[in-house]
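Structure record follows, encoded as structure tokens.
The values are calculated or read from the model by the stated rules, or taken from the named source; none is laboratory data. From a predicted model like this one, the values you see are computed outputs, not experimental measurements. Please note: Cβ atoms are built from the backbone with ideal geometry, for glycine as well, and neighbour counts cover all protein chains shown. In case anyone asks, the SASA skips ligands and DNA or RNA and just uses the protein heavy atoms, side chains included. Shrake-Rupley method; radii C 1.70, N 1.55, O 1.52, S 1.80 Å.
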Amino acid sequence: MTDYLAGLLLGLGLIMPIGPQNVFVVSQGLAAGLPRALWAVLAAGCCDTLLIVAGFAGVSGLIATVPGVRPALLVFGTVFLTYLGVRSIRTAGGHLTVGPPGGPGPGAAVGSVRQVIGRTVSVSLLNPHAILDMVGVIGAAVIAQPADSRATFAAGTLSASWTWFLILAVGAAQARRFLTPRTIAWFDRLSGAIMLVFAGYFVVELTHLAAG
């Protein structure tokens, strides 16, 4: 139990701070309600599981030793988050349609489950910090545990990721019924701005790497 709780706390410490994954899951809960948001939870949880397993398998060592990996991740992350940020700001509220009177929430989201899963996977796997946290930090932390504790520790980190995304989706879906399409459109703009801030942060990191 101690090993599990240690992994859980480490996972929560890394996943809880606001980031592109969290923002995207919340946006799905607000825009489309719980059923659609659960697909985002499933995709984000599977991606984090994949990254943690990859770190445990030794990919963390590859990222640390191969010079070009980190800059490449930052470039891909900058380009993709810039695209998502601009898109979210320009189409704010455009994924909503007017729902039936008395229906749950302010409207229905336009877009397929495949699109939700695809965008969630992209936000997860093209986010350099998510990769470095899940693969580098958690993967290295799992390897550092005694052999008989690694599985329990890893289970704690994995459950932190799945539980947090589920909390975000449920919370956003519950809040949705109290929001108007105009409010959700402003949240879309805020989400886009947050992603652009992260893209700018990645550019700063690239500049530091180039200067170093």
Exercise. Can you name every residue in segment 53-68 that is modelled with pLDDT of 70 or more, under 15 Å from I143 (Cα atoms) and either touching a Phe, Trp or Tyr at 6+ places or on another chain (Cβ under 8 Å) or part of a loop (DSSP other than H, G, I, E, B) (or both)?
Worked result: A57
Exercise. Conditions: (1) out of contact with any Asp or Glu (no Cβ under 9 Å at 6 or more places or on another chain); (2) modelled with pLDDT of 85 or more; (3) farther than 22 Å from S88 by Cβ; (4) of a type outside the set (G, A, S). L206 meets all but one. Number of the miss?
Worked result: (2)
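Would you check which residues across segment 163-186 are in contact with a helix residue (DSSP H, G or I) (Cβ under 6 Å, 6 or more places away or on another chain) and either surrounded by fewer than 20 Cβ atoms within 10 Å (Cβ to Cβ) or at pLDDT below 80 (or both) and list them?
Scanning segment 163-186 gives L166, I184.
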Exercise. Considering segment 122-136 alone, what residues qualify as being closer than 17 Å to S88 by Cβ and open to solvent by 30 Å² or more (accessible area, probe 1.4 Å)?
Worked result: S122, L126
For this session: Quick one: G105 ticks every box in (1) of a type outside the set (A, V, I, L, M); (2) modelled with pLDDT of 80 or more; (3) assigned to a loop (DSSP other than H, G, I, E, B) except a single one, so which number is it?
Result: (2)
For this session: Look through segment 198-212, keep the residues that are in contact (Cβ under 8 Å) with a residue 60 or more places away in the chain and within 20 Å of the chain's Cα centre (by Cα), and return whichever of them is nearest to V79 (Cα to Cα).
Result: A199
For this session: Determine, yes or no, whether A141 is open to solvent by 30 Å² or more (accessible area, probe 1.4 Å) and of a type in the set (G, A, S).
Result: no
For this session: Could you tell me whether A154 is in contact (Cβ under 8 Å) with a residue 40 or more places away in the chain, open to solvent by less than 50 Å² (accessible area, probe 1.4 Å), of a type outside the set (V, I, T) and closer than 21 Å to G13 by Cα?
Result: yes
Exercise. Applying the selection to segment 1-22, what residues are open to solvent by less than 30 Å² (accessible area, probe 1.4 Å), touching a Ser or Thr at 6+ places or on another chain (Cβ under 9 Å) and within 16 Å of V135 (Cβ to Cβ)?
Worked result: G7, G11, I15, Q21
Exercise. Out of the residues in segment 197-212 that are open to solvent by less than 60 Å² (accessible area, probe 1.4 Å) and in contact with a Ser or Thr (Cβ under 8 Å, 6 or more places away or on another chain), which is nearest to S27 (Cα to Cα)?
Worked result: A199
For this session: Could you check how many residues of segment 23-37 are crowded, with 22+ Cβ neighbours inside 10 Å, more than 16 Å from L84 (Cα to Cα) and out of contact with any strand residue (DSSP E or B) (no Cβ under 6 Å at 6 or more places or on another chain)?
Result: 4
